[in-house]
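Chemist: Sending over a structure as structure tokens; questions will come in a sec.
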Amino acid sequence: MRAVAGEMNLPATAFVAPRGAEFDLRWFTAVTELTLCGHGTLATAHVLWESRRLAPEALARFQTPSGLLTARRAADWIEPLALIGFAVSVVVGGVILGLIGRLIKGGKS
């Protein structure tokens, strides 16, 4: 998977496989496997809904190295709902923090 990620030449590449009503999801760079990748998770959910591999109203459930991640569609947004079993500490700038605040509250930028 690292070799494919290297060929993609992107910061991270997501790999997804169905597992019953959920999906296994892993992220790789050319060098290592990542334990968490928010953009990759949301992009994967988007592709699953757009390709109809997941019904538009269905909750996206991903088993990842970080634990269970879930997301749902909300109009033209994707809302990350849960990160279970993994603690994350993030330091961000004011602009990003404001955007995160609006996303958590369900607002738009």
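Chemist: Which one is surrounded by the most Cβ atoms within 10 Å (Cβ to Cβ) among residues in the stretch 5-35 that are under 19 Å from Leu48 (Cβ atoms) and among the β-branched types (Val, Ile, Thr)?
Modeler: Checking each candidate, the answer is Thr13.
Chemist: Would you be able to say whether some residue in the stretch 41-49 is farther than 17 Å from Ser66 by Cα and crowded, with 18+ Cβ neighbours inside 10 Å?
Modeler: Checking the stretch 41-49: at least one residue is farther than 17 Å from Ser66 by Cα and crowded, with 18+ Cβ neighbours inside 10 Å.
FYI, it's all coordinate maths here, none of it is from the lab. Note that this is a predicted model, so its numbers are computed, not measured. With ideal geometry, Cβ positions are generated from the backbone for all residues, glycine too; neighbour counts draw on all protein chains shown.
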